[in-house]
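S.K.: The structure's right below; bear with me while I get my questions together.
All of the numbers you see were taken from the coordinates with simple rules; none came from a lab. The structure displayed is predicted, hence computed values, not measured ones.
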Amino acid sequence: MDNTFVRALVLVVPSSALILIAGGGLDFLRRPVGAIYLALWALWWLALALGRPRGVRSAYNRRQRVVVGLGVVALVLLVVGPPWEYTHFDGPIPRDGPLAWLGLFLFGAGIALQTAALWTLHGLYTSRLGIQTTHRLVTHGVYRVVRHPGYLSNIMSMTGIGLALSSLVGLALAILVVPLILWRIAREEEMLITEFGDAYRAYMQRTRRLVPLVY
């Protein structure tokens, strides 16, 4: 069996199962928001598994261990927390209302943006921070608009998750992960300036980091 397909199954199946368990089983799927949410989650991880290789080990990546560790903790909380809260906790955000559908839309838009970034980089979009053997500076497609569409898509998807499942945990994680993303972006841009020099500096001058026309 193809290793990429196995990797996809390893990501999608356990996380989907945990969502169902935390969300109360089949009752979660009987609610339209729950069913669409689970489908989007599976699509998100399938896209990452198929389009994001791990990349090579590097000194750049070794400096990211604390951030990666915090990211893993946030991911576990993101998998389990929002569906449990959606089903078991009657919080201040109404369930299955307009905000939930806005969240599903934002989640889907984040997945679409990340898929576009994966497609544009063609294997250079890696989980490890480092320069790959075939690395080149990519400035077309979605990278023409912002320098880090993948990180923007993560913020969009996490915010969408929080709204879709009316989850204070999800929304808090979306806020708390922003400093980690900004820290990683700063380290990544230092690396790219070192590797690509004036070409990357020129690219920085004509683009924004995360939000078009703003930041």
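S.K.: Go through segment 26-34 residue by residue and turn each phi into a ³J(HN,Hα) via Karplus (6.51, -1.76, 1.60, θ = phi - 60°); whole Hz please, and just put x for glycine and proline.
M.R.: 3J(HN,Hα) across segment 26-34, in whole Hz: 5, 4, 4, 6, 6, 8, x, 4, x.
S.K.: Residue-wise, which Karplus ³J(HN,Hα) couplings in Hz belong to segment 141-147, taking 6.51 cos²θ - 1.76 cosθ + 1.60, θ = phi - 60°, and x for glycine or proline?
M.R.: x, 5, 6, 6, 8, 9, 7
S.K.: Applying the Karplus parametrisation 6.51 cos²θ - 1.76 cosθ + 1.60 with θ = phi - 60° to the phi angles of segment 175-192, what ³J(HN,Hα) value in whole Hz is obtained for each residue in order, glycine and proline being reported as x?
M.R.: Calculated HN-Hα couplings, in order: 6, 5, 6, 4, x, 5, 5, 5, 5, 5, 4, 4, 5, 5, 6, 4, 4, 5 Hz.
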